[in-house]
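Student: Input: one structure, supplied below.
The values are calculated or read from the model by the stated rules, or taken from the named source; none is laboratory data. Note that this is a predicted model, so its numbers are computed, not measured. No Cβ is skipped: glycine too gets one built from the backbone with ideal geometry, and neighbour counts run over all protein chains shown. Surface areas here come from the heavy atoms of the whole protein model, side chains and all, with no ligands, DNA or RNA. Shrake-Rupley method; radii C 1.70, N 1.55, O 1.52, S 1.80 Å.
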Amino acid sequence: MRKHKIRSGMIGLALILAPSIAQAQSADPLAPTGRWTANTDGQAATPPMGWNSWNAFFTDMDEEKVLASAQKIVSSGLAAKGYRYINLDEGWWEKRREDGRMLVRTEKFPSARTDDGSTSFRPFTDRLHAMGLKAGLYSDLGRNTCAQAYMPDEPNLPRGNVREREVGLYGHIDRDIGLYFGEWGFDYIKIDGCGLRAYGPDSALVKSGRYRELDPILDLRDVNKSNIPAVRNLFEQVKVALARHASDGDYLLSLCIWGSANVRSWGKDVGNISRTSDDIAPRWDALLTNFDTAATRALYAHPGSWNDPDMLFIGKGDFDEHHLVEAQSHFALWAMLNAPLLIGTDLRKTPPLLMDVFGNDRLIAINQDRGGHQAVVVDRQGDIQTLVKTLANGDKAVAILNRGSTSQDATLNAAQLKFRNDAPVRLVDLWNGTAVDFTGERSFRLAPHQTLVFRANGARSLTDGMYLSELPGVVNPAVDGVVRPKPDPTIEPPIYAGWGGAQADRTPYGRGLQVAGRHFVNGVGILSNSRLEVKNQHYRRLTVSVGVDNSATDAKRPVTFIIYGDGRPLARSAALRRGDAAQDLAVNTSGVKLLELVARSEGTDNEALPVTWGDAAFRR
Ligand code: GLA
C-alpha cells in the first residue's frame, strides 16, 4: 500500500492558519475551559428542514425542476411546517473562470445569465427568499468533486480545461464563500470531501491528465491514513470565511465527509451538521446502515451541531408509495435521531400518501423539539430495536423498529422510558393520534420493517431531576479519550470512526455499565482521559457514582474523577481502580452554567480503561 505523503505546503498552511489547533495540542486537553465548545454558530438551533436536488435528480437538475419543488413546498403547506431550505447539490456549475470566479451553468439556470457573462445566482436566491424560503449551495473542499471522480457519465459535470474544471473550494475558500454568501445571497452550504480523497497521483483521474493531483488527506477506508488536522483546518477556514461573508450569522455549514477522518470527535465543533455515513441508497439495508452510524452517537449531537445520516430517500425504491411502511419508518427514525429532514424527491410527482409522511406534524415536532436531545438506543433484541428521546417538556418519544423482514412481537416497558413501572404510562401514536395506556409493560406486533412511534407520558422514576443520559443535547464529549480512532465494527461497512466514543447508558464499547459488581442502568460511559461539558439548565445539584467500569482490561491504573463548575473544581474522587466500589460525588450547581466532568489517568492506553459516570443526574 502506498505510504501516505503529506505535502509540506499543506502543513505550512495549517500551522499559519490554525494557531488555535497548535495551541490546543500543546495545552492540557483535560483542563477545564469553562465554556461549551461544540459549535453554536450558524442557524441550527434545531435540525435543518428542506429539500435537496441530489436524490431526486443527481446532476440532472435545472432551475425549473428546483423551483417546481420549491413551489410545491410552499403550496402544500410544508414550508409553513418548517421545510425552508432549498438546496442545490452537485451540478450547478459551468466552470471556474481564469480569474478564479465561479460561473453558473446558465443553460440550466437561465436566470443566472448576465450581460457580461459573469453569471449570478442572485435572481434565483431572491426568488426563493421572496417565497419565504432559504437557499443552499454545494461545493467540495478539494479542487474537484464527487461526480467528476465517481460519476463520469453525469450530464452536468464542469466544462473547460483542467483548471477551469477545478470548481471546488481548495485555494479559493474565502473568495468562493464571499461569492456564494455575500454576492449571491445563499444561506446554506454543503461541503463534500471527494476532492480530498480521489485525486491522488496513482488515480486514473490524474493519470489521464484530466485532473490535477491533490495528495489525498482523506481516506474513507482507513481513518489512520487521513490527515485529520489538515482536513479540520480546511473546514475551519470555511467557518472563518462564513463569519466574514455571512456576517449576520444566517448560514448553515454542512460537513460531508461520511464519518471519515474521525469527524465524530471534531465535526460538532466546526459545522452545523455532519454526515456520519456514505450516501444513502433507496434500499432498506442502506437505510439501516446509515441509521446505525448515527444511532449510537447521541452525545455527539447538540443544538447547533447535529448528526447527519444523509438526506431522506422517501419517494424512491424501497421508500416509494408502494412501500409506505418503509417510508414511514425512514421518516420516524430520522425524526428520532434529530437528523436533518431534507426531502430528496421530485415533489411535482409525489403522491399525497408520501406528502402526508413529510407533513406529519407530530413527528416534525419530535425532530424540532427545542430540547435538542437525540434519541438513545435503549434496547436491541434480535431485529427489534427501541429508541427513546427526551422532549423539552419531559415527555418522551419512543420508537420501536423492526429491522427484519418478518413480523415480530416487541415489548415496551416503563423502565425503558425511565418511568415507574407501577404507574400508568400514556402513549400517543404519532401516525394516527390514538392513545393507549399501560402499566408496567405492553406488547406490540410489528409488521416487517415497521417502526411504531409514540409520544409517552408517565411518572418518572427519578422524581426530582434528570439523568444526564436523558439529556444528550446538553452533554458534549469535548475530549472523549479516543486516541487511536477505529471504525465501529458493529456497522457494515465499518467506515465510521466511532468505536470507543462516549455513550448514554452504555460503555464506550456498547456494554451495560457496571462498577465493581454494581450495575448502572443510567449513566454516561466514556474512556479515561476525557472531559465532558454539561450545560446546566437551572438545576441545583449534580449527583453521580463514579468508577472504572468492570469492562476495563487494565486493573492497575487508577483514574481520578473531577467535577468542575464554570472552570472551578467542585469535587474530586479518590484514585479508583477497576474493582474499587463506585464513589458517590455530589456538587452544588446553583448558579453554575457549565459543568465539566473529567476522568484522568496516567498513560495513553485509554482503550483499556472505560469509566462510568453512574446515575449521573441533575437534581432540583
Ligand atoms: C457525495 C455526497 C452526496 C452528493 C454527491 C454529489 O457523494 O455524499 O450527498 O452530494 O457527492 O456528487
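Student: Quick one: in the range 287-318, of everything that is hydrophobic (A, V, I, L, M, F, W, C), open to solvent by less than 10 Å² (accessible area, probe 1.4 Å) and not in a loop (DSSP other than H, G, I, E, B), which residue is farthest from G523 (Cα to Cα)?
Tutor: By that ranking, first place goes to L287.
Student: On to the next question. Any idea which of (1) in a helix (DSSP H, G or I); (2) within 16 Å of the ligand (Cβ to nearest atom); (3) surrounded by fewer than 18 Cβ atoms within 10 Å (Cβ to Cβ) is the one N224 doesn't satisfy?
Tutor: Of the numbered conditions (1) in a helix (DSSP H, G or I); (2) within 16 Å of the ligand (Cβ to nearest atom); (3) surrounded by fewer than 18 Cβ atoms within 10 Å (Cβ to Cβ), the odd one out for N224 is (2).
Student: Follow-up question, since we're still on this one. Looking at (1) at positive phi; (2) without any contact (Cβ under 8 Å) to a residue 12 or more places away in the chain, which is the one condition that is false for G500?
Tutor: Unmet for G500, out of (1) at positive phi; (2) without any contact (Cβ under 8 Å) to a residue 12 or more places away in the chain: (2).
Student: Out of I495, I526, I need the residue that is modelled with pLDDT under 95 and among the β-branched types (V, I, T). Which one?
Tutor: Details: I526 fails: modelled with pLDDT under 95.
The match here is I495.
Student: Looking at the range 361-383, I want the residues that are within 20 Å of Y83 (Cα to Cα) and have a partner that is of a type in the set (V, I, T) and open to solvent by 40 Å² or more (accessible area, probe 1.4 Å) with Cβ atoms under 9 Å, at least 6 apart or on another chain. Which pairs are those?
Tutor: R362/V428
Student: Related question: Under 8 Å between Cβ atoms, at least 6 apart or on separate chains: pull out the pairs that start in the range 444-455 with a residue that is more than 10 Å from A332 (Cβ to Cβ) and in contact (Cβ under 8 Å) with a residue 60 or more places away in the chain and end on any residue that is of a type in the set (D, E, K, R) and part of a strand (DSSP E or B).
Tutor: Partner pairs satisfying both residue conditions: L446/D409; R455/K396.
Student: With the structure loaded, tell me whether V162 is out of contact with any helix residue (DSSP H, G or I) (no Cβ under 8 Å at 6 or more places or on another chain), over 19 Å from G42 (Cβ atoms) and more than 15 Å from the ligand (Cβ to nearest atom) or whether it fails that test. Reasoning before the result, please.
Tutor: Details: out of contact with any helix residue (DSSP H, G or I) (no Cβ under 8 Å at 6 or more places or on another chain): yes; over 19 Å from G42 (Cβ atoms): yes; more than 15 Å from the ligand (Cβ to nearest atom): yes.
Spelling it out, V162 is indeed out of contact with any helix residue (DSSP H, G or I) (no Cβ under 8 Å at 6 or more places or on another chain), over 19 Å from G42 (Cβ atoms) and more than 15 Å from the ligand (Cβ to nearest atom).
Student: Anything in the range 430-446 that is surrounded by fewer than 13 Cβ atoms within 10 Å (Cβ to Cβ), under 30 Å from the mean Cα position of the chain (by Cα) and on the phi < 0 side of the Ramachandran plot? List them, or say none. Outline the logic, then answer.
Tutor: Pass one, the range 430-446, residues surrounded by fewer than 13 Cβ atoms within 10 Å (Cβ to Cβ): 432-437, 443, 445.
From what is left, the residues that are under 30 Å from the mean Cα position of the chain (by Cα) are 432-433.
Result: N432, single match.
Student: So, G547, is that one modelled with pLDDT of 95 or more, open to solvent by less than 10 Å² (accessible area, probe 1.4 Å) and either within 16 Å of I526 (Cβ to Cβ) or part of a loop (DSSP other than H, G, I, E, B) (or both) or not? First the steps, then the outcome.
Tutor: Numbers: modelled with pLDDT of 95 or more: yes; open to solvent by less than 10 Å² (accessible area, probe 1.4 Å): yes; either within 16 Å of I526 (Cβ to Cβ) or part of a loop (DSSP other than H, G, I, E, B) (or both): yes.
Taking the combined requirement at face value, the residue satisfies it.
Student: If you don't mind, another one. Where the second residue is part of a helix (DSSP H, G or I) and the first is among the aliphatic types (A, V, I, L, M) and lies in the range 590-619, which pairs have Cβ atoms under 8 Å and are six or more apart or on separate chains?
Tutor: Pairs found: A616/L468; A616/S469; A617/L468.
Student: Quick one: how many residues across the range 161-178 are open to solvent by 40 Å² or more (accessible area, probe 1.4 Å), of a type outside the set (D, E) and touching a residue at least 60 places away in the same chain (Cβ under 8 Å)?
Tutor: 4
Student: Would you be able to tell me the number of residues in the range 562-579 that are free of Cβ contacts under 8 Å to residues at least 24 places away in the same chain and β-branched (V, I, T)?
Tutor: Adding up the residues that qualify gives 0.
Student: Still on this structure: Take residues that are under 30 Å from G267 (Cα atoms) and tell me which of the strands (runs of 3 or more DSSP E) falling wholly in the range 422-487 contain 3 or more.
Tutor: 475-479
Student: Return the residues of the range 173-214 that are touching a Gly at 6+ places or on another chain (Cβ under 6 Å) and within 23 Å of A149 (Cα to Cα); say none if nothing qualifies.
Tutor: If the condition is that a residue be touching a Gly at 6+ places or on another chain (Cβ under 6 Å) and within 23 Å of A149 (Cα to Cα), then G195, L196, L214 are the ones that fit.
Student: Another one. Which members of the range 82-134 meet the condition of being farther than 30 Å from D361 by Cα, away from the ligand (no atom under 16 Å from the Cβ) and of a type in the set (G, A, S)?
Tutor: G100, S111, A112, G117, S118, S120
Student: Can you find a residue in the range 260-268 that is away from the ligand (no atom under 16 Å from the Cβ), open to solvent by less than 30 Å² (accessible area, probe 1.4 Å) and among the basic types (K, R)?
Tutor: Yes - at least one qualifying residue is present in the range 260-268.
Student: While we're here: Can you tell me which residues in the range 331-367 are away from the ligand (no atom under 16 Å from the Cβ) and either under 22 Å from C256 (Cα atoms) or assigned to a strand (DSSP E or B) (or both)?
Tutor: The answer is F331, L333, A335, M336, L337, N338, N367.
Student: Take the range 56-94 and flag every residue that is open to solvent by 50 Å² or more (accessible area, probe 1.4 Å) and either without any contact (Cβ under 8 Å) to a residue 24 or more places away in the chain or charged (D, E, K, R) (or both).
Tutor: Matches in the range 56-94: D60, E64, K72, S75, A80, K81, R84.
Student: Which condition number does A397 fail, the rest of (1) open to solvent by 30 Å² or more (accessible area, probe 1.4 Å); (2) in a strand (DSSP E or B) being met?
Tutor: Unmet condition: (1).
Student: Within the range 191-221, which residues are in a strand (DSSP E or B) and either touching a His at 6+ places or on another chain (Cβ under 7 Å) or charged (D, E, K, R) (or both)? Talk me through it step by step, then tell me what you get.
Tutor: The initial filter retains those residues of the range 191-221 that are in a strand (DSSP E or B), namely 191-192.
Selection gives D192 alone.
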